[in-house]
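Report on the following structure.
The values are calculated or read from the model by the stated rules, or taken from the named source; none is laboratory data. Not measured: the values here are computed from a predicted model. A quick note on method: Cβ atoms are made from the backbone with ideal geometry, for glycine too, and the neighbour counts reach across all protein chains shown.
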Amino acid sequence: MARILCIDDEEAILAVLARVLKRDGHQVTGVTRPQDALELDLARCDLILTDVMMPGMDGFELVRRLRPAFDGPILFLTSKVAEEDAVTGLGLGADDYIRKPFGAAELRAKVAAHLRRERREHTHALSFGPVRLNLTACELAVNGAPVALTPTEYEICAFLARHPGQVFSRAQIREAVLGWNAEVDDAAISMQVSRARKKIAAAGAEPIATVWGMGYKWQA
């Protein structure tokens, strides 16, 4: 499942996109005005589909303004298929084109392919309600107030937050954060998670959940 933002000035197109993409379990948010997309929290988005020809701001300008704050795949939906248009779009940071009119199978296949290939490290921020992780500054904040986590506590939170809803065992967390040869046991990971949770809870949030008998997960 992915969180997909669709931008098109035609409500009918947005309805089709939502209907098709929801077949694969994706969460779809649709906006008709490009300006509205600029005001959304892009850290909660995995892929963007945007039209090119839109009133007020075209898709090229929109992608130029979105790309510095968004690390995921961006796909154009367009009837403009001239080579110079493709070069322009890809140069601005888009990943691919889907031609209008498009078929449901093609749309689903291209979205799935880009989600599978997506391996870029997020370099900006992740936001979950009042909790925000600044991945550049290595800082976690609740309602704008930084939480004083140790480096290991922060790395555990960042690892879980990059995979919201996915359950990880203590061994998996230890290997991802400290390396497979780290000289700590599962109990030490439990202690680190416990301390991080207490600090974050004291600031007013509880994003880490215990899944009994399995491990921990980040609640999106």
Residue among Ala209, Ala203, Ala176 that is modelled with pLDDT under 95 and either among the aliphatic types (A, V, I, L, M) or in contact with a strand residue (DSSP E or B) (Cβ under 6 Å, 6 or more places away or on another chain) (or both): Ala176
Long-range neighbours under 6 Å by Cβ, at least six apart or interchain, first residue more than 20 Å from Ala109 (Cβ to Cβ) within the range 2-31, second at pLDDT 95 or above and hydroxyl-bearing (Ser, Thr, Tyr): Asp9/Thr32
field: Among the residues listed as Ala171, Ala148, Ala196, Ala176, the single one being surrounded by fewer than 20 Cβ atoms within 10 Å (Cβ to Cβ), over 20 Å from the mean Cα position of the chain (by Cα) and closer than 22 Å to Ser127 by Cβ
entry: Ala148
field: Residue ranges of helices (runs of 4 or more DSSP H) in the range 1-105 with at least 3 members surrounded by fewer than 18 Cβ atoms within 10 Å (Cβ to Cβ) and either at pLDDT 95 or above or not assigned by TED's automatic domain parsing to the domain that holds His163 (or both)
entry: 11-21, 59-66, 83-91
message: Pairs please, first residue from the range 35-50 and of a type in the set (D, E, K, R), second anywhere and surrounded by fewer than 21 Cβ atoms within 10 Å (Cβ to Cβ) and assigned to a helix (DSSP H, G or I), Cβ atoms under 8 Å, 6+ apart in sequence or on different chains.
response: Asp46/Leu115
